[in-house]
Structures are given as C-alpha cells and as structure tokens.
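Below is one structure, written out as structure tokens; the observations come after it.
Coordinate-derived values only; no laboratory data. Note that the coordinates shown come from a computational prediction; the quantities given were computed from them, not determined experimentally. Here the Cβ positions follow ideal geometry from the backbone for every residue, glycine too, while neighbour counts run over all protein chains shown.
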Amino acid sequence: MITSKLPNVGTTIFTTMSQLAAETGALNLSQGFPDFDGPLALREALARHVMAGHNQYAPMTGLPALREQVAVKVRSLYGRNACADREITISPGATQAIFCAIQAVVRAGDEVIVFDPCYDSYEPAVQLAGGVCIHQPLTLPDFRIDWQRLADALTPRTRMIVLNTPHNPSGALIESSELDRLAELIRGRDIYLLSDEVYEHLVFDGRAHASVLRHDELYQRAFVVSSFGKTYHVTGWKTGYVVAPPALTDELRKVHQYVSFTAVTPLQWALADFMAGHPEHIVELPAFYQAKRDLFCDLLAGSRLRFERAAGTYFQLIDYSAIRPDLDDVAMAQWLTREHGVASIPISVFYQRPPQGLRLVRFCFAKREETLRQAAERLCAI
C-alpha cells in the first residue's frame, strides 16, 4: 500500500470544471486562460527559432538574452537594478518557480502563512517540504489582510509568508503602504517572502501595481515570481521567472536544476525577441484587459448578479445570492454549467475553512468579445 505524501489532494477544481464545460458544451469561463491567441510576432518568433535550430538545452538559469530583457523590464517598471546573472532565473512556469522557492527555504516543522482564499498550489508545495500552512482569512468583502490577526499568527516557527497581488481569485490589490506595514511586522525576524505577482500587468482604473520589487527592505528576503504566459496570452507555454537577491537565488537554483534543470529553449528565444521588439505590449495590457472587464460587467448590469469590478487579474467575482441562495458555491458552479451553459469556479475551494454563507463564483474574462457576450446573455436570462 502506498502512503500518500498528499493524502488530501485530488483533481484540481480547474480540471474538474473545464472537463464539465467540455462535457456539457458550456462556455468555459472557469479556468484562467484566454480563448484567443498570443501576439502574431511572438508566435512567428517561436517558429523562426525552432527552424533555426534553437532546440537544445538553454543554460540552467535561463537564456541570457531573456534574463537581460527581464532585467530591463524590472528596472524600468520598478526601479530595481536586478542583476541578470545573479538575481533572475527563468523557470518552466510560475507554479514550478513557486514550488522551488518553497523547497529552497522551508524546512520540516516550519510554518508558512498563506492568505485565504489562496491559490491551490501553495499548500502542497509546503507539505512536500515538511512545513505546515497557517491559513489567515482575508477580510470580506474587500479581501484585505487582517494585520492584527497576522501579527498574532507570527511565531518562532514562521519561516515564510506568501503574498499574491493582484490576488487570485478576488482581483484585490495590495497597497504600497501595506508593504511598509509588513516590513515593520517582520523586521528582525527570520522570515522569507514569496510574492506571487503573475498578474502584475493586469491592474485597472489607473492604479499602480505595488510590487515587492519596489520595496528595498522586503526584497532582501523575497522571491518575486512572474509569468510570461499570463502577460503574453500564452499560458500553454508554461514559462515564468523569479527575481530574488543573490543568496536566495543561489538556493532557488539548487532546487530548480534538479526539478526541471531549465525552461524550454525556443520559447525563451521567442520571448526575448518579442520583449526587445515590442516593449509597448506590457504598457497596453492594462487597458486591453480593463476593456474586457468593463464589457463583461456592463453586460451583466441588468442581471440579478451582484459584483464590484475587479481591481486586477482577469477574474471577476460574482455574488449569486439573489438567484440561488439555497446552493453553496460548488453546487452553484455545477448548476450554472449544466443548466445555463457557463462554467465558473467556486471560491470556497480556495479556503481551508470557507466562511459560512459564501455565495461567490469566479468568472475569467480573458475571452473574446463574442464569448463574453454569449456568457452574459445566458447569465442575464437566469
């Protein structure tokens, strides 16, 4: 008999809802991926590099040209002069980067603070490192950190705090003043940060992304994780990166080299070319996705669904309590998929202990206008 290292882990809700959408023919607004393709110039660059023979191993740390482009971006956006050789590592996806960062510093018996609702990959990675997740619920309805509760949760065993901004699934943002408050709270303690910033460019209404990369004190103890897949509409490319100070980068790379060794070579070449040739892409990205958010929300304005427009990410939370308060969110997501042809994600699955009476589901608006109009029409008809 096998004794599972992850006895409470099964098929993810993302796989489950995407399968249900496929089985029922529903519009899939559940899993977070676009139903449109990435930029043509990026795809052409990939084909060009594949045909040019760039198909063998890249350096373990990542293609130098791509790390240099990341350094340029980090400097221009966040004022951080990160060394491409010593502080930037390319990874095969942000999830792998998160896993390696956790394995690099979390030891048996260590505590890692996560904020619920939280992305589902954090806890399994902590468990495999021998650590324990301490779940701190974000305040409702605004999904903010409860600072007193966080202070009370810190112990000599606290090894890491996981931040996620812009936040999946709520779309909430951490403010720069909150990073200052966090710095005060953990100053003098042996605590590291993992800052999941994969939606860094999806921040709306003229607001700024408060990256840990901007914060000199916090950066010295942080792994900052980002995603090319989210930024360039190519989630299937599974390519991301980590920015961390040299000592932490060294530990991260010790793990990374034995998990995947390197990321896919021609993808890195294509991304390096596109970043160098099209710096306007990330500048235009907030407006691109805000237009999709606003279209979806405007179309739902006449429905019985309630919502506050997401401040970031490409996810919109919807309160359905005026329609089916009798259904919990898992049942509601299934009902919407089977009976009304629109797949979503229930929010309770992101919690260790979901709040009673939670009636929220998450829709992904990284979709073509036609898809959003069809989905809104079906939802408004309920």
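Which residues in the range 251-269 place their backbone N less than 18 Å from a point set 7 Å from the Cα of residue 14 along the Cα-to-Cβ direction? The answer is 264, whose backbone nitrogens lie closer than 18 Å to the label point. The relative contact order of the chain comes to 25 percent, based on Cα pairs under 8 Å that sit 6 or more residues apart. Available extension along the chain between residue 51 and residue 6 is 12.0 nm, counting 0.36 nm per residue and deducting the alpha carbon span. Pull up the DSSP beta bridges for the range 40-277 and report the antiparallel fraction as a percent, rounded to 5. Looking only at bridges with both residues in the range 40-277, the antiparallel portion is about 35 percent. Computed from backbone phi, the HN-Hα couplings of the range 107-120 come to 10, 4, x, 6, 9, 10, 8, 10, 10, 8, x, 10, 4, 7 Hz, rounded to whole numbers (Karplus: 6.51 cos²θ - 1.76 cosθ + 1.60, θ = phi - 60°; Gly and Pro given as x). Of the candidates 98, 113, 145, which one comes out as most mobile in a Gaussian network treatment of the chain with C-alpha springs shorter than 10 Å? Highest fluctuation of the listed residues: 145.
The fewest-to-most ranking of 371, 24, 155 by surrounding Cβ atoms within 10 Å reads 155, 24, 371. Restriction of the trypsin sites (Lys or Arg not before Pro) in the range 1-79 to DSSP coil positions whose beta-carbon has at most 12 other beta-carbons within 10 angstrom yields 5.
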